1. Name the lysines eligible as straight-distance cross-link partners of LYS43: C-alpha to C-alpha under 20 Å, and not fewer than 8 places from it in the same chain.
2. Once the dipole of the chain is set up with Lys and Arg at +1 and Asp and Glu at -1 on Cβ about the Cα centre, which of LEU317, LEU171, ILE199 lies farthest towards its positive end?
3. Where does helix 151-163 land angle-wise versus the long Cα axis of the chain, in degrees 0 to 90, nearest 10?
4. Just one of (i) 36, 30, 22; (ii) 48, 24, 20; (iii) 60, 28, 18 is semi-axes √(5λ) of the Cα gyration tensor in Å as worked out from the coordinates here. Which one is it?
5. Nearest 10 degrees, 0 to 90: what angle lies between the long axis of helix 15-27 and the longest principal axis of the chain (Cα atoms)?
6. Output ³J(HN,Hα) for the stretch 117-130: one whole-Hz value per residue in order, computed from phi by the Karplus curve 6.51 cos²θ - 1.76 cosθ + 1.60 with θ = phi - 60°, and x for Gly and Pro.
7. Could you give each residue of the stretch 94-103 its phi-based ³J(HN,Hα) in whole Hz, using Karplus coefficients 6.51, -1.76, 1.60 with θ = phi - 60°, and x for Gly or Pro?
8. For the stretch 318-332, in order, what is each residue's ³J(HN,Hα) by Karplus, 6.51 cos²θ - 1.76 cosθ + 1.60 with θ = phi - 60°, in whole Hz (x at glycine and Pro)?
Amino acid sequence: MTEDWGAILVVDDDAEMRALVHDVLKDRGHQVATAGGGEEALKLLAEQDYAVVVTDLRMKGMQGTELLTEIQRLYPDIGVILMTAFGSVDTAVEAMKRGASDYLTKPMKNDELTRVVERVIRETSLRREVSRLRREVHKEYSFHQIIGKSKPMQEIFDLIRRVADSPTNLLITGESGTGKELVAKAIHYNSDRKDAPFIPVNCAAIPEQLLESELFGHMRGAFTDAKADKRGLFEEAQKGTLFLDEISELPLMLQAKILRAIQEKEIRRVGANRPIAVDVRIIAATNLNLTEEVKAKRFREDLYYRLNVIELRLPPLRERREDIPLLVDAFMKKCAASRGKQIQGVSESALAMLVDYAWPGNVRELENVIERAVTLSRSEKIVSDDLPSTIQGARGDRRVLDDAAERTLPLDEVEKEYILKILEKTGGNKYQAAHALGIDRKTLYRKLAEIEGKPHPEE
C-alpha cells in the first residue's frame with residue numbers, strides 16, 4: 001500500500017498527539033514519519049519524498065502556517081493538512097485560502113482523520129500526474145498538436161511515422177471531433193512533401209454545383225460567372241497533399257472524376273480541352289462507415305479501394321481517458337494565454353468530472369468546454385461550477401457511491417449517506433425523499449431514527 005499511497009509526515013510538538021496520529025495512519029498500512037517541529041519537518045522533507053504533511057497549527061518555534069508557506073515554496077505538490085483546536089478554526093480556514101489542502105479540528109475521530117488524509121493523498125497523486133503529463137506535452141507524446149500518451153494514440157503516432165513518406169493514399173476514419181485533420185497534417189508535415197502545400201477541403205461545406213470547379217478549376221467562359229481561368233485545389237496542392245474531409249459527401253459524378261485523377265495522375269479543368277498532370281497525395285477522411293456506404297450504392301466501390309490502401313482509425317476520447325488531463329492542460333494554457341487570464345490549473349473534483357464524462361463530441365467538445373470554463377472562471381483554478389451542467393450531472397449521480405467505494409464503507413454506512421444525500425437534494429422533504437428512495441415514509445422515519453440513534457417515532 002505504501003507505493004500506492006505515498007508517505008505521510010506528521011508534525012506536532014505534542015508527543016502524545018503525534019504518536020496517536022502516527023498509529024492510526026500506520027494501522028491503515030501507510031508509511032508514516034513524525035517530526036516534533038517545523039524545522040525538523042523541513043529536514044525530513046529534504047531527505048525523502050512525502051505525499052502529505054499533517055501538521056499542528058500552533059507549535060513551539062515554527063508555526064504550522066509558517067511551515068505551510070515553506071512547503072509551498074519548496075515542495076508545491078505536497079498536500080498540507082492542518083490540525084487545530086476549535087478556537088483556531090478561523091486561522092485554519094485562512095490557511096486553506098493560502099493553499100492548505102484541508103484542516104482537522106481536535107479532538108478528531110480516527111475515521112475522519114484517515115478519510116481526510118487519504119483524500120488529500122489521492123489529490124496529490126492526481127496533481128503529480130498532471131505535472132508529469134505537462135512535462136511530456138512537448139516531448140514524444142506531442143505530434144503536430146496531437147496530444148496523447150495512451151496506447152491507442154501511441155499506435156497512431158507509430159503509424160503516422162511509418163506512412164508519412166509513402167506515396168500511398170490514406171483513409172482516416174473516426175467520429176466527429178476526433179482530430180482527423182490534425183492527423184492528416186501530421187502525416188503531411190512529417191513527409192517528404194512537407195515543403196509543398198497542404199490543402200484541406202471540406203466536401204460537405206461546398207455546394208454541389210461548385211465542387212467540380214473548386215477541385216479541378218475552370219476555364220474562362222466555361223459557365224456564366226467564369227470570367228477568368230481558375231486553378232483548382234488539385235493544382236494548388238501540386239507536389240503536396242490534398243485532404244478531402246467528409247469524402248462520403250461527394251456526389252457520385254465527382255467520385256468518378258476523383259478516381260480518374262488518382263489513377264491517371266491528371267485532371268481536366270471545367271471547359272478545358274487538355275488535361276493537366278498533377279502530383280498530389282490524397283488523404284481522405286470520413287466519420288461514416290464507407291463499407292456500408294458502398295453497400296448502399298452511395299459510394300463507389302472502386303474509389304473506396306483506391307483510398308483505403310491504409311486506414312487510420314482514430315479512437316473516440318472515451319476510449320483514451322488517460323489523455324484527458326493532458327488535453328485539458330494544453331487547452332487551458334492555450335485559452336488562458338489568448339484571453340490574458342491567469343489560470344493556474346484545474347481543481348481535482350473538476351478534473352474527475354472531465355475524466356468521467358462520455359464526450360460524444362470528442363476532443364473538439366472538450367476544447368470547447370475548457371474554453372468556456374476559462375472564460376467563466378473567477379479564480380486561478382477551473383472548478384466544478386465552471387463546467388456545463390451536463391458534465392457536472394454525469395459525475396454527480398455517482399459521487400456518493402464513488403466516495404463510499406474509496407473509503408471502503410460498510411453497507412449500512414453507504415445506505416446512511418445515500419439517504420442523507422437524497423434528503424439534501426429534496427430540501428429535507430421526507431415525502432419526496434421517500435418517493436425517490438422507493439420506500440414508504442414509515443420506513444424512512446425508522447431509518448432516520450436509526451441514523452440519529454433515537455427511538456423509532458410514530459408516523
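1. LYS60
2. Projecting each Cα onto the dipole axis, the largest value belongs to ILE199.
3. So the inclination is approximately 30 degrees.
4. Only one listed value fits the structure, namely (iii).
5. 50
6. Karplus-based 3J(HN,Hα) across the stretch 117-130 equals 4, 5, 5, 5, 4, 4, 5, 5, 4, 5, 4, 5, 5, 4 Hz.
7. For the stretch 94-103, the Karplus curve yields 4, 5, 5, 5, 8, x, 5, 6, 5, 9 Hz.
8. Result, ordered by residue: 5, 8, 9, 4, 5, 7, 4, x, 5, 5, 4, 4, 5, 5, 4 Hz.
Taken together, the values in this text are just the output of simple stated rules run on the coordinates, not laboratory data. Just so it is clear, the model here is predicted, and its values are computed rather than measured. Ideal geometry is used to build each Cβ from the backbone, glycine not excepted, and the neighbour counts take in all protein chains shown.
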